[in-house]
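S.K.: Dropping a structure here in structure tokens format, bear with me for questions.
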Amino acid sequence: MGDLIVEWAKRLAEAELSTPLPRRWAHTQGVGDRAAEVRQILGLDASLLIAAATLHDVGYAPRLAVTGFHPLDGARFLRDEHGADERLVQLVANHSFALLEAEERGLQDELMSEFPLLDDSLLVDALVYCDMTTTPDGDRTTAEDRVAEIVGRYGADSIVGRFIRRASPEIFGAVGRVEAVLAAQPR
């Protein structure tokens, strides 16, 4: 992997999101920018992180929304239409503790059987960090403010609101772990 997968991911995400969902595209670009900023902690997996960050919300594209659960719709699109790398697809399918939202939607078994969790905690945490420290407009934020924004936008009793409140301890833990690794890097 390398620059080619990152460029492919950017072209694909832009094609699917920029026109129908410009705000989602702005968020996606910001998440990709965060991934580029933390790439040094991932070594050979840096390009994989940037590609996953760029494609993590592609399942929101109207033409791809089959189940209405964007991690699953996006992962299926990447696997079925593009034959994307298995680890990339697993990251998109499971980004930001999607399994907890899949439980809320009754899609847990589908998600787990098609796209098992990736066994690489730093890579998984780094994608959570990138997503959960980026606003819907692509700007930098804290994980606490991002979770509050999501609850406010969707409502505390919505599927997304219930999921994000359940996932928040895990989100904050992942963000904290990545921040600790970043802080330990030589300057």
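FYI, it's all coordinate maths here, none of it is from the lab. The model shown is predicted, which means the values in this text are computed figures rather than measured ones. All Cβ positions, even for glycine, are placed from backbone atoms using ideal geometry, and neighbour counts span all protein chains on display.
S.K.: Under a plain spin-label model, where a point goes 7 Å from the Cα along Cα-to-Cβ, how far apart in nm are Glu170 and Gln108?
M.R.: 1.0 nm
S.K.: Could you tell me the ratio Rg/Rh of the stretch 66-138? Both radii from Cα atoms, Rh via Kirkwood.
M.R.: Radius of gyration over Kirkwood radius for the stretch 66-138 works out to 0.96.
S.K.: What percentages, rounded to whole numbers, describe P(r) for the stretch 109-181 computed over all alpha carbon pairs with 10 Å bin width beginning at zero?
M.R.: 19, 44, 33, 3
S.K.: Please give the net charge around Val160, taking every other residue with its beta carbon less than 12 angstrom from that of Val160, where Lys and Arg add +1 and Asp and Glu add -1.
M.R.: The answer is +1.
S.K.: Calculate for the chain the 222 nm mean residue ellipticity that helices alone would give, adding -39,500 (n - 2.57) per DSSP H run of length 4 or more and normalising by residue count, nearest 500 deg cm²/dmol.
M.R.: Rounded to the nearest 500, the figure is -21500 deg cm²/dmol.
S.K.: Moving on to the next point. At 30 Å minimum axial length over the Cα atoms and a Kyte-Doolittle cut of 0.5, report the qualifying DSSP H helices in the chain, or say none.
M.R.: Details: long enough: 159-183 (34 Å, 0.73).
Both cut-offs are met by 159-183.
S.K.: Suppose the Debye formula is applied to equal point scatterers at every Cα of the stretch 96-139; what is log10 I(q)/I(0) at q = 0.16, 0.19, 0.31 Å⁻¹?
M.R.: -0.53, -0.70, -1.00
S.K.: Averaging the inverse of every distinct alpha carbon separation and then flipping it gives the Kirkwood radius. What is it for the stretch 30-106, in angstrom units?
M.R.: Answer for the stretch 30-106: a Kirkwood hydrodynamic radius of 12.7 Å.
S.K.: What number do you get for the stretch 1-147 when its Cα radius of gyration is normalised by 2.2 N^0.38 Å, N = residues?
M.R.: The stretch 1-147 yields a ratio of 0.94.
S.K.: Another question, then. For the stretch 81-149 and the stretch 11-67, compute the distance between their C-alpha centroids and round to whole Å.
M.R.: Their Cα centres are 11 Å away from one another.
S.K.: Taking the Cα-to-Cβ direction at Leu4 and at Ala148 and moving 7 Å from each Cα, how far apart do the two end points lie in nm?
M.R.: 4.6 nm
S.K.: Shifting gears a bit: At 0.36 nm per residue, and after removing the present C-alpha to C-alpha distance, how many nm does the segment from Ala65 to Ile159 gain when stretched out fully?
M.R.: Full-extension gain reported as 32.2 nm.
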